[in-house]
Amino acid sequence: MAAIKTDLTLEAAHALLEKQGGQGRIPGVALDERQIEGYTITTVSVRTSYGARALGKPRGTYITVDLTPYFHRQESYFSRGVHCLARELRHLLPPLSAPASVLVAGLGNRSMICDAVGPMAVDHLLVTRHLIASLPSRFSTLTSVAALAPGVVGQTGIETLELLAGAVRHVKPAAVIVIDALTAGSRRHLCATVQLSNTGLIPGSGVGNHRSAIDCKTLGVPVIAVGLPTVMAEAVLAQELTGAEAQADTAPLFVTPRDVDSRVRELGRLLGYGINSALQPSLTVEDITGLLG
């Protein structure tokens with residue numbers, strides 16, 4: 001079976017274990033699964049260079065949240081999803097205390113719905129840096145948050161990394177959170193899984209459109225990546241459905257769920273609120289809604 005094309009480290013780990021016959025473990029890689037707020041959380045810790053090479057992923061921590069229960073619409077499903085994401089994000093963020101700021105960047109093309117999760121999440125972000133700067137006594141209990149949606153190089157002519165590097169130099173944040181669309185290796189993860197990691201990301205890598213890496217090495221501060229898989233390779237989908245390996249000369253083609261527009265809009269809001277709750281732990285979901293107006 002051909003190697004799957006995926007941005008999800010959990011999928012890469014499962015594929016490697018399957019290749020080994022489902023037996024044993026991956027040296028230098030630890031997997032842990034637990035339940036939080038009714039959601040299944042799987043943490044993949046890539047601890048060694050060997051493990052990184054085996055998975056094709058940088059060393060670091062990758063947290064995968066299965067959002068399937070979210071779409072069952074059980075009681076308090078939104079607030080439980082927000083609290084779950086916030087809790088896991090806090091594990092990855094460095095300690096934050098005033099006057100430290102966090103810069104949040106929603107990557108992607110707002111005009112292309114399967115690539116718009118980043119900008120849509122930023123639309124639901126509670127931005128506070130300007131408020132704290134102008135009225136520090138009134139907003140001193142809030143974490144300073146700045147945000148931008150830099151678009152894509154085809155719209156701006158400027159690499160995303162260049163824009164973020166300039167913002168980092170000016171804002172001097174304690175950490176950067178980047179939100180982007182990902183490529184999945186299984187249809188069941190499309191618009192139904194969130195991956196959080198402390199390794200940064202390479203925009204467009206899942207669809208073969210590699211841009212400059214956005215990580216601690218290139219920005220000089222910790223970079224937390226929040227990703228939602230919205231597309232998968234057509235050849236990988238065909239292989240998953242039929243078991244037949246794709247032809248090597250097949251032209252790249254990516255598919256997305258037919259309800260991707262509603263899912264991206266809804267999950268963009270969930271991600272925005274989850275980040276708000278992680279950065280502003282004193283606020284409830286209702287507080288955030290009121291402040292966002």
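Figures for the structure shown
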read-out: Cut-off 18 Å (backbone N to label point 7 Å along Cα→Cβ of Leu291), residues of the stretch 133-168; value: 133-148
read-out: Protection-proxy order for peptides 226-233, 48-55, each taking the mean of Cβ atoms within 10 Å per residue, highest first; value: 226-233, 48-55
read-out: Local net charge near Asp259, Cβ-Cβ under 14 Å (Lys/Arg +1, Asp/Glu -1); value: +2
read-out: Spatial extent of the stretch 61-119: Rg and Dmax, with the Cα atoms as the point set, Å; value: 14.7, 40
read-out: FRET E, pair Glu162, Ala100, Förster distance 30 Å, beta-carbon r, rounded to 0.05; value: 0.80
read-out: Positive dipole terminus of the stretch 1-97, leading residue within Ser76, Thr42, Ser97 (C-beta point charges); value: Ser97
read-out: About the Cα centre, charge dipole magnitude for the stretch 55-197 (Lys/Arg +1, Asp/Glu -1 at Cβ), debye; value: 300 debye
read-out: Contour minus Cα-Cα distance for Ser45 and Asp32 (0.36 nm per residue); value: 3.8 nm
read-out: Helical mean residue ellipticity (222 nm; -39500 (n - 2.57) per DSSP H run of 4+; nearest 500) of the chain; value: -10000 deg cm²/dmol
read-out: Carbon and sulfur %, accessible surface of the chain computed with the full protein complex present, 1.4 Å; value: 53 percent
read-out: Dipole magnitude (debye, nearest 20) for the chain, charges at Cβ of Lys, Arg, Asp, Glu; value: 680 debye
read-out: Overall form of the stretch 11-71 per C-alpha gyration tensor (a/c, 1.5; a/b vs b/c); value: prolate
read-out: Förster-model FRET efficiency, 22 Å R0, Arg25 and Arg188, C-beta, rounded to 0.05; value: 0.40
read-out: Simple label model, 7 Å out from Cα along Cβ direction - Ser134 to Ser212, nm; value: 3.2 nm
read-out: Helix axis angle, 160-171 relative to the chain longest principal axis, alpha carbon, degrees; value: 30 degrees
read-out: Accessible area of the chain divided out per residue, in Å², using a probe of 1.4 angstrom; value: 47 Å²
read-out: Range of Cα positions in the chain per principal axis (Å), largest first; value: 63, 46, 39
read-out: Ordering of 144-157, 274-287 by packing [mean C-beta count within 10 Å, highest first]; value: 274-287, 144-157
read-out: Antiparallel bridges, percent of DSSP beta bridges restricted to the chain (to nearest 5); value: 60 percent
read-out: Over the stretch 1-117, equivalent-ellipsoid semi-axes from the Cα gyration tensor in Å; value: 27, 19, 18
read-out: Top of Ala181, Ala13, Ala30 by mean-square fluctuation, Gaussian network on the chain, Cα under 10 Å; value: Ala30
read-out: Cβ-based net charge around Thr42, under 12 Å, with every Lys or Arg adding one and every Asp or Glu removing one; value: -4
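The values are calculated or read from the model by the stated rules, or taken from the named source; none is laboratory data. As the structure is a computational prediction, the values presented were derived from the model and not from experiment. In this analysis, Cβ positions are derived from the backbone assuming ideal geometry, glycine residues included, and neighbour counts consider all displayed protein chains. With ligands, DNA and RNA removed, areas are computed over all heavy atoms of the protein, side chains included. Shrake-Rupley method; radii C 1.70, N 1.55, O 1.52, S 1.80 Å.
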